[in-house]
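First comes the structure, then the notes that go with it.
The values are calculated or read from the model by the stated rules, or taken from the named source; none is laboratory data. What you see is a predicted model; the values in this text were computed from it and never measured. Because the Cβ atoms are built from the backbone with ideal geometry, glycine has one as well, and the counts that use them run over all protein chains shown.
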């Protein structure tokens, strides 16, 4: 406990130093009751050039991976932040350094094994380096080529300490200004903490891969790498090496008689399937995370960040998509409100008109000219203007669709995202009119009705019971009639 507090104090001092370096001493003073004298002087030259938003980006980059990821997680939140800051956050890059690792020693310590009994070869130079882990190629004793993803030492404790610091900062911001409450900053930070801890957990990534393998085990269009659980834990992930072609390398695709147009459509279709069939999707499908096997199967890699849609929300999302294709702004508004965490819509009519404008734009533009990113940006503006805060997965969906469209259009400029939804709208509609679903919907509504009946106030049940038993007498006194009327009105209001 003492060590943890010491680490936190050290990181706090670092934060103060960096903020001071980039010209945010006034901010520190406001958080310190207006007293600048108690803020330590910074030995580094103060960086005062650039806009305040540019300097915020520089602060985050200098503070390291946790703060970079914090900025990146807010980089698509037009509903929360000004455009100038969003532009800077989208430029954020990790300053990644390769660290020396004794891979054999790590494996022996983590799994209590003799490496020579299980591995024929381990390469000491990493194939890739990221802020959280490094990736090495190895060969099992049976000749199988694998990838070893090994978490960097101390990264877990640094991230946990930084998260404590970030939560303290949120409390300060919320205490000293209305911005924190207005932006629901506490919830946003809580969501970030959860997603980052999941991303840094290699056990979580292993479980994500296993889930994807179960979901697509019978697919003829995609392949999910195998995980070697005996050599996987929270610090090490061992998985099958995929000798694949980078999805945007059209020359290599054509060399193996693989049509880039088909690959673009397949990749998009698979991503839509992840969302609508399973409610479990890859949250970062950029070109570096998509390979193509020589047999033409598309392979998604790096499953640290995924989006998860709750079953009830998945059904609402299906209804939203059907309403979008059916050009029904009223229902779109209804389902957006149903999915929202919170909303304070100033003008319902204007909200519906805003949605209708998007529908008119989509259906008046030729399919080849439609850009999903443009539609998404318009929708984000509508959500912001009408004060709807959507769940985190909703923004991950926006990000994922933009990325997968960008990758697809690199190899197929005519890729049509909207068209890819049509088979799913038919599938959703067919499912909804199936006898099984009609019975289920009827049962759900009956259960909802009986639940509501159970909630009817005791007084109204008493009135209804007297009516049923013919024991209800009508008094000639007006006051009794008024009392009964008031009772029924009150009970109905409580029921609603």
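State all residues of region 388-401 that are closer than 21 Å to residue 190 by Cα, in contact with a strand residue (DSSP E or B) (Cβ under 8 Å, 6 or more places away or on another chain) and at pLDDT 90 or above; if no residue qualifies, say none.
Of everything in region 388-401, those that are closer than 21 Å to residue 190 by Cα, in contact with a strand residue (DSSP E or B) (Cβ under 8 Å, 6 or more places away or on another chain) and at pLDDT 90 or above turn out to be 388, 393, 396, 397.
Within region 82-153, which strands (runs of 3 or more DSSP E) (wholly inside it) include 3 or more residues that are out of contact with any helix residue (DSSP H, G or I) (no Cβ under 9 Å at 6 or more places or on another chain) and over 22 Å from residue 225 (Cβ atoms)?
So the answer is none; nothing clears 3.
With the checklist (1) surrounded by 11 or more Cβ atoms within 10 Å (Cβ to Cβ); (2) more than 30 Å from residue 340 (Cα to Cα); (3) modelled with pLDDT under 90 in hand, flag the one item residue 73 doesn't pass.
Going through the list (1) surrounded by 11 or more Cβ atoms within 10 Å (Cβ to Cβ); (2) more than 30 Å from residue 340 (Cα to Cα); (3) modelled with pLDDT under 90, residue 73 breaks only (2).
Pick from region 315-362 the residues that are part of a loop (DSSP other than H, G, I, E, B) and under 19 Å from the mean Cα position of the chain (by Cα): which of them is modelled with the lowest pLDDT?
Going through the qualifying residues, I end up with 341.
Return the residue satisfying two criteria in turn: it lies in region 264-285 and is under 16 Å from residue 199 (Cβ atoms) and assigned to a loop (DSSP other than H, G, I, E, B), and of such residues it is nearest to the chain's Cα centre (by Cα).
Only one residue fits best here, namely 283.
State the number of residues belonging to region 257-273 that are in contact (Cβ under 8 Å) with a residue 40 or more places away in the chain and touching a strand residue (DSSP E or B) at 6+ places or on another chain (Cβ under 7 Å).
Qualifying residue count, region 257-273: 5.
Could you check residue 362 against (1) buried (at least 16 other Cβ atoms within 10 Å of the Cβ); (2) touching a residue at least 40 places away in the same chain (Cβ under 8 Å); (3) closer than 26 Å to residue 310 by Cα and say which number it fails?
Of everything listed in (1) buried (at least 16 other Cβ atoms within 10 Å of the Cβ); (2) touching a residue at least 40 places away in the same chain (Cβ under 8 Å); (3) closer than 26 Å to residue 310 by Cα, residue 362 misses just condition (3).
For residue 231, which of the numbered conditions (1) more than 27 Å from the chain's Cα centre (by Cα); (2) more than 26 Å from residue 201 (Cα to Cα); (3) surrounded by 19 or more Cβ atoms within 10 Å (Cβ to Cβ) fails to hold?
Just one mismatch for residue 231, condition (2).
So if I check each of 296, 288, which one is out of contact with any strand residue (DSSP E or B) (no Cβ under 6 Å at 6 or more places or on another chain), surrounded by fewer than 19 Cβ atoms within 10 Å (Cβ to Cβ) and in a helix (DSSP H, G or I)?
One residue alone meets the criteria, 288.
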